Amino acid sequence: MKLPRRKFLHLVAGAAALPAVSWIAWAQTYPARPVRVIVPFAPAGATDILARLIGQWLTERLGQPFVIENRPGASTMIGTEAVVRSPADGYTLMVFGTASAINATLYENKLSYDFRRDIAPIASILRVPNVVTVHPSLPVRTIPELIAYAKANPGRINVESPGAGTSSHLAGELFKVMAGIDMVHVQYRGNAPALTDLLAGQVQLGFDTLPASIEYIRAGKLRALAVSTFARSQALPDLPSVSEFLPGYESSGFFGAGAPGKTSSEIVDKLNKEINAGLVDPKLKAQLADLGGMVLPGSPADFGKLIAEETEKWGKVIRAANIKAE
């Protein structure tokens, strides 16, 4: 039987609307089961600490466990590939940092993914300085003393980093170039093993993020010389900035959350709203500030713009300094 044209068009319009309605309903009930949050670094580093704080907040707000899964290695590529290959259903997320923007240039011929295309930005979380720390056995207490010692002992200071291309690595490389000194880069698979060797004196110097280092500094296990941002950190207000001794030097890292590239905007927006609520919650905001960072609330589009800007900035540094992946 042939349907009247008006009824036919009504049925077609209703069918076309079904996917949108189902996505909205899906987002309203999301999450209906535990969500895994991949951290592309080893436990106990800055990214891991932040992921656990945000994961706990989302667990309390959304009523399902947000379970942290550490997938370190290959300068964040192993963890990132795991996210890229996951279903875009909101049940696999990622907390990442500046290294993901840096890798776009440092490993541009080796990446199996395009980070800006294959990872959907959800929300920026924190901007943090790096902090120049030394093992107490190194006879330096200031940036000028460090530069003088390095010039008198070329190639004898080992500088740890949580991986090639991380903000810690590039902060150290930029310092070497601007100070005109020779130090040896020692790469690890994450902040935890790098800091373990720095604490043991196996390496002498680090440019780690402040969240990863601050408790060791407060405990007197590491000696802090300076922060890498132009402004001093509120968490350690007596600590000078590197730029006070080396004009023009600046390095900092960002952290945020993402998902597989085709994750629906409804789920992304829901997560963005909840994370932003956490960034203004007095308790969580105080925890983040205590780590030495500055919260970065904003929309998914804002975060996408930040990733693009950081990719361009560090790409210029890598090319200018001719930094190669190890």
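Annotations for the structure displayed:
- Wholly within the stretch 253-326, helices (runs of 4 or more DSSP H) carrying at least 1 residues that are touching a helix residue (DSSP H, G or I) at 6+ places or on another chain (Cβ under 6 Å), over 19 Å from residue 59 (Cβ atoms) and of a type in the set (A, V, I, L, M): 300-320
- Filter result (surrounded by fewer than 24 Cβ atoms within 10 Å (Cβ to Cβ) and not acidic (Asp, Glu)) within the stretch 80-103: 82, 84, 85, 86, 87, 88, 90, 91, 92
- Residues within the stretch 206-235 that are buried (at least 24 other Cβ atoms within 10 Å of the Cβ), in a helix (DSSP H, G or I) and of a type in the set (A, V, I, L, M), tallied: 3
- Count of residues meeting criterion [in a loop (DSSP other than H, G, I, E, B) and hydroxyl-bearing (Ser, Thr, Tyr)] in the stretch 133-148: 2
- Checking 122, 147 one by one, the residue that is modelled with pLDDT of 95 or more and farther than 21 Å from residue 198 by Cβ is 122 and no other.
- The lone criterion from (1) under 25 Å from residue 319 (Cα atoms); (2) charged (D, E, K, R); (3) modelled with pLDDT of 90 or more; (4) open to solvent by 50 Å² or more (accessible area, probe 1.4 Å) left unmet by residue 238 is number (1).
- Consider the stretch 300-315 and keep the residues that are more than 10 Å from residue 124 (Cα to Cα) and buried (at least 18 other Cβ atoms within 10 Å of the Cβ). The one that is modelled with the lowest pLDDT is 314.
- Test: residue 316 is out of contact with any Phe, Trp or Tyr (no Cβ under 7 Å at 6 or more places or on another chain), free of Cβ contacts under 8 Å to residues at least 24 places away in the same chain, farther than 30 Å from residue 185 by Cβ and of a type outside the set (A, V, I, L, M, F, W, C): no
- Among the numbered conditions (1) out of contact with any strand residue (DSSP E or B) (no Cβ under 8 Å at 6 or more places or on another chain); (2) farther than 19 Å from residue 44 by Cα; (3) among the acidic types (Asp, Glu), the only one that residue 244 does not meet is (1).
- Sole exception among (1) over 19 Å from residue 230 (Cα atoms); (2) among the polar types (S, T, N, Q); (3) open to solvent by less than 30 Å² (accessible area, probe 1.4 Å) for residue 158, by number: (3)
- Among residues of the stretch 277-296 being touching a strand residue (DSSP E or B) at 6+ places or on another chain (Cβ under 9 Å), over 15 Å from residue 97 (Cβ atoms) and open to solvent by 80 Å² or more (accessible area, probe 1.4 Å), the one that is modelled with the lowest pLDDT is 285.
- Matching residues, the stretch 173-205, being assigned to a strand (DSSP E or B) and touching a Gly at 6+ places or on another chain (Cβ under 8 Å): 184, 185, 187, 205
- Extreme residue, most open to solvent (accessible area, probe 1.4 Å), among residues of the stretch 170-192 that are in contact with an Asp or Glu (Cβ under 9 Å, 6 or more places away or on another chain) and within 20 Å of residue 39 (Cα to Cα): 187
- Boolean, residue 203 is touching a Pro at 6+ places or on another chain (Cβ under 9 Å), open to solvent by less than 10 Å² (accessible area, probe 1.4 Å) and closer than 28 Å to residue 154 by Cβ: no
The values are calculated or read from the model by the stated rules, or taken from the named source; none is laboratory data. Source: prediction; values computed, not measured. As a convention, Cβ positions derive from the backbone with ideal geometry for all residues, glycine included, and neighbour counts pool all protein chains shown. The accessibility values were calculated without ligands, DNA or RNA, using every heavy atom of the protein model including side chains. Shrake-Rupley method; radii C 1.70, N 1.55, O 1.52, S 1.80 Å.
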